[in-house]
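Colleague: I have a structure here, written as structure tokens, and I will follow up with some questions on it.
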Amino acid sequence: MNWTLPENIATYGGKIDAVFWVITIVTAIAFVLVEVGIIWFTIRYRQREGRRAHYTHGDKNLEILWTAIPALAMVVLGIYSAGVWADIKGRESAPAESLHIGVRAKQFEWNVTYAGADEVLGTNDDFTIRNQLHFPANEPILVWLEAEDVLHSFFIPQLRVKQDAVPGMTIPVWFEATRSGEFQIGCAELCGLGHYRMRARVFIHEQADYEAWVGEQIASRGQTGEAEETELATAASAPEAADEPASTHDHSAGGM
Amino acid sequence: MEAHAAPYYRGGAPETGLAVYTQKVGMWVFLCSEIMFFTGLIGSYIILRFGASETWPAPGEVLNIPVTAVNTFILICSSVTMVKAFAASETGDKRGTRLFTLATALMGATFLGVQIYEYRELLHHDFGPWSGLYGSTFFTMTGFHGFHVFLGVVCMTWATLKAFRGGYDGGNYRGLEVLGLYWHFVDLVWIILFTIVYLI
Amino acid sequence: MATIVAQPTGVPVVEEHHEMSFIRKYIFSTDHKVIGIQFLFLSLFFLLVGGLLAMMMRWQLAWPGKAMPFGGLFPEAMAPGGIMLPEFYNSLVTMHGTFMVFFAIMLLLVGVYANYLIPLQIGAPDMAFPRLNMISFWLAVPAGVIALASFAVEGGAAGAGWTSYAPLSALPEASGVSLGQQMWIVSLVILGLSSILGSTNYITTVINMRAPGMTWMRLPLTVWALFITAILALLAMPVLSGALIMLLFDQTLGTHFFLPASGGQPLLWQHLFWFFGHPEVYILILPAMGFASEILAVGSRKPVFGYKAMVGAIIAIAFLGWIVWGHHMFQSGMNPVLGTTFMVSTLVIAVPSAIKTFNWMGTMWRGNLHLHSPMLFAIGFVMLFVIGGLSGIFMASAPFDIFIHDTYFIVAHIHYVLFGGALFAIFGAIYYWYPKMFGRMMSERWGKIHFGLTFIFFNLAFFPMHTQGLAGMMRRLYDTSGYTHTADIQDTHLLISFSAFALFASGAIFAFNFFWSMFRGERAPDNPWNATTLEWQTPSPPKHGNWEEAPVVYHGPHEYSHPDVTDKDWLAQNERPDVVSPARH
Ligand code: HEA
Ligand code: HEA
Ligand code: CUA
Ligand SMILES: [Cu+2]
């Protein structure tokens, strides 16, 4: 049972978690200082007969002190965070050599487009799979994120990646996984009645396995690029039926 | 005792408040809010326009600039008469007060009339709020300005009646001064709108 | 003491005692005190409504898809067979946030106390524009009714979150809600107008109607906070109104402001909303800070520590509040460089807040703390606001916000600042000013019990949400059980929900105390807390016109335990010290 951040499998995840721990320490100090102080004062100075409060309007030096220290802390924290932010989300941060994948979000599914045999995205031999994101570990991935109808948000907790998908925009998102495994994409932006179940499965392969997988996908499709429901894709959404109240399911199936 | 000398009584009780009368302060404060309202609309217009600059039609193509130019002139004149009306009431000049409040109200009404005419023309040529970003922003901004003029005209009509019933006689100028502040503001907003929507 | 209160240097107020009809006196009254009390009932009602909606959300989150108790009462469109539908859950979240922010907390802080306190604390007979004041109340009522009614219409109430992000909020076909969303918009436009008129009134009153001697640096911190808050509302509300109207037009007139299909920009809505929204959240905390400062001084029998710095901090927060809105949009697709600048400005806001926090502690230090209910809630406010503020630092750091954005960590933050912060201060304020408002004391015993239970269950309900957020649990989810990465902490929802129900129950204790004391509470003296500010130097409740003779102010607002004043530990603002103890001067 984990009480803090989930396992990190992103190359840059360490930086994010480091920021978390730094802030935790800074705020913990402030927290203890304030809470302990207040509780102590409350007990120590509670009303007593004949006690008269100490009359004062403040203390210059003290006030300068407790203005300067937090100010300093914040400036340092700001500079530190700015660096990490630029490394991860900066416009130039994405590695030049990376595998391009297209992700198009719509109510309530993730359509993932892969470069076909020619290994370039945006050509007509691309193929699209619904609710499945496959990519190799230890290789930078560059996702071109789009939305069809409303806002969605592309969130893979273990990869420490979150980016809103905005209709009318194509937003580059990059990440690199340090190990293979199976995870989930969650949608983090309220997008309608199906928001809560707008999930996709993430399969991180070893290099070889990934190439093999792409190979069979291309083979199974011939050269056509239109989206296709693989039995895997349907499997991805199958368990939903189980963990949802019947009524809901019917509705969302019948509904928009 | 230095520590607490500051807030401690040193005799006397200084007078507070501004030298300006309350209604005037109130109107100034309210206008600050109005400024933010139009800032929001105009800001959005600028952002949207720069976002779609290539597809943005040149004003002349759609809008009838000459007519609106004349209309703008009328509105500016109404501000002048507004000032005169206020001045007249201040100096207790009854005729002036009545004449100029009436003139202001009429010119404001004229402005509205012309704007309605303009709208009808545009809608005839099937240019409406639904006509892309240009239509959306144009009608929203000018529409809300028009609404403000309308409110102004209503108040001015009321003020005119009051003037003719001698309500502003004897140097009772405050009503007109406060109303004037609003009127000039609406006028100013139009000059900005005219510039960025019709000219640039 | 009565012998020295208010040296009659002031001009006698002409008591106009023409008998007013019940309607004019209690319904369409122009008396700022009556209006304040009207706002009090209105906003407490919406606090109750918002709380009830929250209870339903908590049920669904803890027991997804289980029929609600009394669930049978709901129509098919909301909860067939008592089982809540996802779209109904979205409406609940949206309207919970809307009611709490706009109709409960905002009206409680500004509607109630700006109206009731400003004239009394600055020594004015009433507001600058009493009729305008009445109008602003009677605009707030229909606004609330419309919002409530939207649950009953076709398609249900708005369901795009209290932030109503476009395009979801602009596209009925995408949200399934059309009329409900439009009613939400209209309701907030009307409320905006109400608060603009109100603010105009408050600002003008403070600027021009202060009693002789009530200089700016002698204003009680409550007035300072409410004054600055009014400025924020005055300038922020119209921006929201503008945005709302564009959104409404997108739905009704076919405009394209936020619809990308024809060149509109979804992000524009977020920029407009948060340009209003962040000042708004400070509207929701500054008055609370004012109340807390005031109550801490009275309870500690000490002047506010660093009065000038406190005023400065209020102004600084209000100013900085205008340049941080982008911290809600770090992951929105906004240019990351902008993100960096917003991150820095946001972190800077921690500094004035730090000043306030430490000055509150300074006020308690070496005091003589009377731990009555108002004081307890004020202390609770400081303890909990700090937690909410510190969690804000995590989000302010853009890189870490990547992970916690739109998770329950945010929800925890919201509630620590808005409930632990604003609402705790409000409870304190209600206990503190109740005697002045109704001429009776609230039960001290039940007040303490209310505080104890609220403090415990509040923390039990909302602290675990930090954990959920850190585990990556997303917010606004109808059912959180479908995610593998949070599967093992799904159970925390149970603890949270049980605590939430208990929290609601302790609210009921308050409600009981509130109404019971109105009729059975012991009669209140004019100045039950031995407080120095002007409202306590006039009868409880004050008559129409507030003063027997207009007060004259001689010194600062919180003169407690002054060494020169020997026979008591306080010195009212309108008392002449040389009269109290002729020894000096
Ligand atoms: C009363 C309301 C209130 C207040 C006062 C605040 C105060 C702050 N808020 Fe919060 N905020 C909200 C209400 C509020 N917020 C709401 C409602 C949302 C969610 C909106 C939505 O639905 O999406 C939100 C969301 C929100 C976000 C967006 C998160 C996201 O969506 O990803 C961020 C990010 O920066 C943020 C930051 C802050 C900061 C830095 C402060 C600072 O002002 C806090 C400063 C205070 C302190 C820091 C504590 C006291 C200081 C000390 C004890 C000194 C020592 C401290 C240090 C040295 C660090 N808030
Ligand atoms: C001041 C604001 C405020 C307050 C007080 C509360 C109070 C509560 N909130 Fe809420 N909450 C928000 C503001 C607030 N909330 C906002 C802005 C959001 C974001 C919305 C969005 O995402 O769009 C949110 C979202 C939110 C969520 C997230 C939902 C989701 O993301 O899926 C949850 C989940 O548990 C929740 C729960 C609760 C609970 C259990 C309470 C409990 O504390 C309620 C306890 C009950 C009471 C406090 C009322 C008791 C009654 C009285 C005291 C009145 C007495 C009556 C008379 C005297 C007449 N709230
Ligand atoms: Cu897609 Cu939420
Ligand atoms: Cu904010």
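The values are calculated or read from the model by the stated rules, or taken from the named source; none is laboratory data. All values reported here derive from a predicted model rather than from experimental measurement. Cβ sites come from the backbone with ideal geometry, for glycine too, and all protein chains shown count toward neighbours. Accessible surface areas use protein heavy atoms only, side chains included; no ligands, DNA or RNA. Shrake-Rupley method; radii C 1.70, N 1.55, O 1.52, S 1.80 Å.
Colleague: If each of A:ALA117 and C:THR566 carries a label point 7 Å out from its Cα toward its Cβ, how far apart are those two points in nm?
Modeller: With each label placed 7 Å out from Cα toward Cβ, I get 10.6 nm.
Colleague: Rounded, prolate or oblate: pick one for segment C:427-473, where a ≥ b ≥ c are the square roots of the eigenvalues of its C-alpha gyration tensor, a/c under 1.5 means rounded, and failing that, prolate if a/b is larger than b/c, else oblate.
Modeller: Here segment C:427-473 falls in the prolate category.
Colleague: Within 10 Å of each Cβ of A:79-91, how many other protein chain Cβ atoms are there on average?
Modeller: Taking the mean over all residues of the peptide, I get 5.
Colleague: On to the next question. Can you give the accessible area of C:ILE146, probe radius 1.4 Å, in Å² rounded to 10?
Modeller: Roughly 40 Å² of C:ILE146 is accessible to a 1.4 Å probe.
Colleague: Across chain C, how many lysine pairs, 8 or more apart or on two chains, come within less than 16 Å at their alpha-carbon atoms?
Modeller: Close lysine pairs under the 16 Å cut-off: 8.
Colleague: With Cβ to Cβ distances under 15 Å as the rule, what net charge do the other residues near A:LEU77 carry (K, R +1; D, E -1)?
Modeller: Spelling it out: positives minus negatives among the neighbours equals 0.
Colleague: Output wanted: per-residue J couplings in Hz (rounded whole) for segment B:25-32, from phi through Karplus 6.51 cos²θ - 1.76 cosθ + 1.60, θ = phi - 60°, x for Gly and Pro.
Modeller: 4, x, 5, 4, 4, 4, 5, 4
Colleague: For a Förster distance of 25 Å, can you work out the FRET efficiency between the beta-carbons of B:THR195 and B:GLU121, rounded to the nearest 0.05?
Modeller: The computed FRET efficiency comes out at 0.70.
Colleague: Mind giving me the nanometre distance, one decimal, between the label points for B:VAL20 and A:GLU7, set 7 Å out from Cα along Cα→Cβ?
Modeller: Reported label-point gap for B:VAL20 and A:GLU7 is 6.6 nm.
Colleague: Also, quick follow-up: Could you sort C:352-363, C:209-220 so that the peptide with the highest average Cβ count within 10 Å comes first and the rest follow in order?
Modeller: C:352-363, C:209-220
Colleague: Give the ranking of C:MET183, C:MET237 by solvent-accessible surface, highest area first, calculated with a 1.4 Å probe.
Modeller: Sorted descending by solvent-accessible area, the residues read C:MET183, C:MET237.
Colleague: Follow-up. Starting from the Cα-Cα distance between B:TRP130 and B:ALA52, subtract it from 0.36 nm times their residue separation and give me the gain in nm to one decimal.
Modeller: Taking 0.36 nm per residue and subtracting the Cα distance, the gain is 26.5 nm.
Colleague: Same structure again: What is the sum of charges around B:ILE74, taking Lys and Arg as +1, Asp and Glu as -1, for the other residues whose C-beta is under 14 Å from the C-beta of B:ILE74?
Modeller: Computed value for this residue: -2.
Colleague: For an R0 of 51 angstrom, estimate the FRET efficiency from the Cβ-Cβ distance between C:VAL153 and C:ALA487 and round to the nearest 0.05.
Modeller: Calculated transfer efficiency: 0.85.
Colleague: Related question: By per-residue mean of other Cβ atoms within 10 Å, what is the highest-first order of C:378-384, C:310-316, C:274-280, C:286-292?
Modeller: C:286-292, C:378-384, C:274-280, C:310-316
Colleague: With a 1.4 Å probe, what is the total accessible area buried between chains C and A, in Å² rounded to the nearest 100?
Modeller: 8200
Colleague: Counting pairs of alpha carbon atoms under 8 Å apart in space and at least six apart in sequence, what relative contact order in percent does chain C give?
Modeller: Here the relative contact order equals 18 percent.
Colleague: Near C:PHE400, within a Cβ-to-Cβ distance under 14 Å, what is the net charge of the other residues, with Lys and Arg +1 and Asp and Glu -1?
Modeller: Taking every other residue near C:PHE400 into account, the sum is 0.
Colleague: I've got another one for you. Applying the Karplus parametrisation 6.51 cos²θ - 1.76 cosθ + 1.60 with θ = phi - 60° to the phi angles of segment C:354-367, what ³J(HN,Hα) value in whole Hz is obtained for each residue in order, glycine and proline being reported as x?
Modeller: Ordered by residue, 3J(HN,Hα) equals 4, 3, 5, 4, 5, 5, 5, 5, x, 5, 6, 4, 6, x Hz.
Colleague: Taking a label point 7 Å from the Cα of A:ARG48 along the Cα→Cβ vector, which residues of segment C:561-575 have an amide N closer than 19 Å to it?
Modeller: Label zone hits: C:561, C:569.
Colleague: Obtain the nm distance between the two label points defined at C:ALA77 and C:PHE22 by a simple spin-label model: each point lies 7 Å from its Cα along the Cα-to-C-beta direction.
Modeller: Between C:ALA77 and C:PHE22, the simple spin-label model gives 3.7 nm.
Colleague: Arranged from highest to lowest average of other beta-carbon atoms within 10 Å per residue, in what order do the peptides A:158-166, C:555-563 appear?
Modeller: In decreasing order of mean packing, A:158-166, C:555-563 become A:158-166, C:555-563.
Colleague: Can you pull the mean other chain C-beta count within 10 Å for peptide C:231-242?
Modeller: That works out to 5 on average.
Colleague: Tell me which residues come under 5 Å, amide H to amide H, from C:LEU259 once H is placed; ignore anything under 5 positions away on its chain.
Modeller: Here the answer is C:GLY264, C:GLN265, since their amide H atoms fall under 5 Å of that of C:LEU259.
Colleague: I've got another one for you. Inside 10 Å of the C-beta atoms of B:110-121, what's the mean count of C-beta atoms belonging to other chains?
Modeller: Counting Cβ atoms of other protein chains within 10 Å of each residue's Cβ and averaging gives 0.
Colleague: With θ set to phi - 60°, apply the Karplus curve 6.51 cos²θ - 1.76 cosθ + 1.60 along segment A:189-198 and write out the HN-Hα couplings as whole Hz, x wherever there is a Gly or Pro.
Modeller: After applying 6.51 cos²θ - 1.76 cosθ + 1.60, I find 10, 3, 9, x, 5, x, 3, 5, 10, 7 Hz.
Colleague: Residues of segment B:110-132 with the amide nitrogen closer than 17 Å to a label point 7 Å from the Cα of B:PHE164, along Cα-to-Cβ, please.
Modeller: B:110
Colleague: Tell me, what is the per residue accessible area of the protein assembly as shown in Å², probe radius 1.4 Å?
Modeller: For the protein assembly as shown, the per-residue accessible area is 36 Å².
Colleague: Here is a follow-up. Would you pull out the residues with amide H under 5 Å of A:SER153's amide H, same chain only if 5 or more places away, H placed 1.01 Å from N?
Modeller: HN-HN under 5 Å from A:SER153: A:ALA165, A:ALA188, A:GLU189.
Colleague: Continuing with the same structure: With helices defined as uninterrupted DSSP H runs, which ones in chain A have an alpha carbon span along their own long axis of at least 20 Å and mean Kyte-Doolittle hydropathy of at least -0.5?
Modeller: Qualifying helices: A:13-44, A:60-89.
Colleague: Can you tell me the 0 to 90 degree angle between the C-alpha axis of helix C:424-438 and the longest principal axis of chain C, rounded to 10?
Modeller: Helix C:424-438 and the main axis of chain C meet at about 40 degrees.
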